[in-house]
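The block underneath contains the structure these notes are about, expressed in structure tokens.
Just so you know, all these numbers are worked out from the coordinates, no wet-lab data involved. All figures in this text were calculated on a predicted structure; none of them were measured in a lab. Don't worry about glycine lacking a Cβ; one is built from the backbone with ideal geometry, like all the others, and counts go over all protein chains shown.
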Amino acid sequence: MSDHNRGMDLTCLPGTQAPRVTIVGAGNVGSTLGQRIVEKNIADVVLLDIQAGRPQGLALDLMEARGVEHHDRTIIGTADYADTQNSDIIVITAGIPRKPGMSRDDLLKVNAQIITDVTRQAIAQSPNAILMVVTNPLDVMTYLAWQASGLSPERVIGMAGVLDAARFETFIALELKVSIANVHAMVLGGHGDLMVPLPRYSTVSGIPITELMDEETIQQLVDRTRNGGAEIVGLMQAGSAYFAPASSASLMVESILFNRSRILPAAAYLDGQYGLSDIFLGVPTCLSRQGVTRVLELDLSAEDYQALQTSAQAVRQNIATTKTLLTA
């Protein structure tokens, strides 16, 4: 055969190994997070779930979308932790979601056992991974995952603050009728009714919202932020939020894998910061390839400082309750 009739050689030189993210739990949050990660070309994904066929079916469906989305990331579904080996990040979304009338704390007992079991199995396959927890009640589950994993605390992170801040930002933008791109918010504390939105550190093009809205309006937005998840649960009746949580976790994964050192609110281990120790709580963090490289201490008003202590105390009580439940 003449040279011009020979098939074109499409062999490519081998490149660097793509980063790998394992998502434990193929429910709405986990599957949507997997979609976010591959379609943003952040990493390859392993989607793990105990429900037979579900993770495999979701993975195949997402892979078949590559021809439309034009990315070359891979996503596999499995029920075998061996398939998750050498993951760079493990994201735990496994657990039961909230139902109408349930608080995040109502989930305590059942999700505590799930988190402990899946963390041990996942870290055994990827001992060098960074661990991110999404399961509620978030701050307590992050603490349990840290203890079960044996990892240094800076390599364990809870996803909450990014979501809470995103909700606050959305409500601010809607109230002021401005682009969300101009709005930046900060929310501290536990991921629940006692979270601490900070109006003084929440801005529109650098202008604190305290200069743009009256105190009553701000309080309404703060209250709606604190009840943001419950509002969605009440509307859906048979489910809870997953689009915004998945987007929030995706942003954190991206900051870590791309070593962007973004300042993002997240549940991090505190060792004296804000007068708190031996607890995971929502604070401003710097997220990079090493995990949490820094916790920023903001200058809080006396009222906000006390609100943060109250939030921390509620988390501590739930940690103590959980430890009792797990050893009973």
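Below is a table of values for the structure above.
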quantity: ³J(HN,Hα) computed for each position of the stretch 161-168 - Karplus, 6.51 cos²θ - 1.76 cosθ + 1.60, integer Hz, glycine/proline x; calculated: x, 4, 5, 4, 5, 4, 5, 4
quantity: Helix 138-149 vs. the chain, principal-axis angle (Cα, 0 to 90°, nearest 10); calculated: 50
quantity: Stretch gain in nm, segment Thr310-Asn86, where the contour uses 0.36 nm per residue and the Cα spacing is subtracted; calculated: 76.7 nm
quantity: Coordinate range along principal axes, alpha carbons of the stretch 161-327, Å, largest first; calculated: 50, 38, 35
quantity: Shape parameters for the stretch 20-158, alpha-carbon atoms, Rg then Dmax in Å; calculated: 14.6, 43
quantity: Size-normalised alpha-carbon gyration radius of the chain, reference 2.2 N^0.38 Å; calculated: 1.05
quantity: Cα centroid of the stretch 160-238 to Cα centroid of the stretch 46-67, whole Å; calculated: 34
quantity: Per-residue HN-Hα couplings for the stretch 129-135 [Karplus 6.51, -1.76, 1.60; θ = phi - 60°; Hz; x = Gly/Pro]; calculated: 6, 9, 9, 10, 10, 10, 5
quantity: On Cα atoms only, tilt of 54-64 relative to the major axis of the chain in degrees; calculated: 70
quantity: Cα centre as origin, Lys/Arg/Asp/Glu Cβ charges: the chain dipole, Debye; calculated: 520
quantity: The stretch 171-243: translational diffusion in µm²/s, Stokes-Einstein, Kirkwood Rh over Cα pairs, 4 °C, 1.567 mPa s; calculated: 99
quantity: Net charge contributed by nearby residues that have their C-beta within less than 13 Å of Leu176 (K/R +1, D/E -1); calculated: -3
quantity: Additional length obtainable on full extension of the chain from Lys40 to Glu69, 0.36 nm per residue less Cα span; calculated: 9.5 nm
quantity: Convex hull projection area averaged over all views, the stretch 244-297, Cα basis, nm²; calculated: 3.5
quantity: Amide H contacts under 5 Å for Ile130, placed H, 5+ residues apart; calculated: Ile89, Ile90
quantity: The chain: angle of helix 108-125 to the longest principal axis, Cα-based, in degrees nearest 10; calculated: 40
